[in-house]
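Structure record follows, encoded as structure tokens.
What follows is calculated from the coordinates using simple rules that are stated; it is not laboratory data. Please read all numbers here as calculations on a predicted model, not as lab measurements. Positions of Cβ are backbone-derived with ideal geometry, glycine not excepted, and every protein chain shown enters the neighbour counts.
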Amino acid sequence: MAESQNIEWKESWRDEYLKWICGFANAGGGCIYIGVNDEGRVIGV
């Protein structure tokens, strides 16, 4: 599973990600995975 228009990986939570959530809601859905680095490895929170 790679990042795409509907999938985002983030290492930690930031309030600015609320904009991503609104964008996903307006575009038909998506997932933000918190605790995953840019290479797709789980690093935990």
Report every pair of residues separated by at least 6 positions or lying on different chains whose Cβ atoms are under 8 Å apart, first residue within region 12-24 and touching a residue at least 40 places away in the same chain (Cβ under 8 Å) and among the β-branched types (Val, Ile, Thr), second loosely packed, with under 12 Cβ neighbours inside 10 Å and assigned to a helix (DSSP H, G or I).
none
Residues in region 6-28 that are surrounded by 10 or more Cβ atoms within 10 Å (Cβ to Cβ) and either among the acidic types (Asp, Glu) or not in a helix (DSSP H, G or I) (or both) total 9
